[in-house]
1. Taking the beta-carbon count within 10 Å as an exposure proxy, list 45, 28 from fewest neighbours to most.
2. Hey, fewest Cβ within 10 Å first, where do 44, 173 land in order?
3. Read through the labelled values (i) 1.00; (ii) 1.35; (iii) 1.28 and report the label of the one computed as Cα Rg over 2.2 N^0.38 Å from the structure.
4. With 10 angstrom as the radius, rank 48, 151, 86 by how many other C-beta atoms surround their C-beta, starting from the fewest.
5. Considering only 60, 130, 87, give the residue with the highest GNM mean-square fluctuation for the chain, with springs between Cα atoms whenever their separation is below 10 Å.
6. Please give the calculated 222 nm ellipticity per residue for the chain, where each DSSP H segment of at least 4 residues contributes -39500 (n - 2.57) and the sum is spread over every residue; nearest 500 deg cm²/dmol?
7. To test your reading of the geometry: what angle, between 0 and 90 degrees and rounded to tens, separates the Cα axis of helix 12-23 from the longest principal axis of the chain?
8. I'd like the orientation of helix 121-134 relative to the chain: the angle between its Cα long axis and the longest Cα principal axis, in ° from 0 to 90, rounded to 10.
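Computed from the coordinates by the stated procedures, all read-outs in this text should not be read as laboratory data. Just so we're clear, the structure is a prediction, and the values are computed from it rather than from any experiment. Reconstructed Cβ throughout: ideal geometry from the backbone, glycine too, with neighbour counts over all protein chains shown.
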């Protein structure tokens, strides 16, 4: 059975998340208070609902506790709505609540009201993109922990035709291959 994810807030982050999860076979219920965004998402998600996610009774109708994950992707327009929605999702028994923060204080508050994970898409993308600016050979980079990354690199022309032993990558660059 595919995973079921509730996404509340269909700005750029929420819409992109909904589209990507849907493409990967996840059942997505996409929610926003704006009809135009709900209509846009209806083209690719399993289900859409237009409602105010700070209204406890309306949010309860979505049964967040019966879904695998709930993402409160409410962004810049209202920190208060983001905090209320995140707290309600936890209160309603959602097993995995992800909140979107705009700054450090917002992050702390979302953690205090019970978010299991708090993300700041702009901050995280900035960190990852900085590596691409510094080293153009980075194709992709995925942090696995604070000090361990899985990085895909395009090879330097000087490496073509050489074996891994000849390249001596761990010794020269401190990397594991």
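1. In increasing order of surrounding Cβ atoms, one gets 45, 28.
2. In increasing order of surrounding Cβ atoms, one gets 173, 44.
3. So the calculated entry is the one marked (iii).
4. 151, 48, 86
5. Largest GNM mean-square fluctuation: 130.
6. Computed ellipticity for the chain at 222 nm equals -11000 deg cm²/dmol.
7. Its long axis makes an angle of about 80 degrees.
8. Relative to the chain, helix 121-134 is tipped by roughly 10 degrees.
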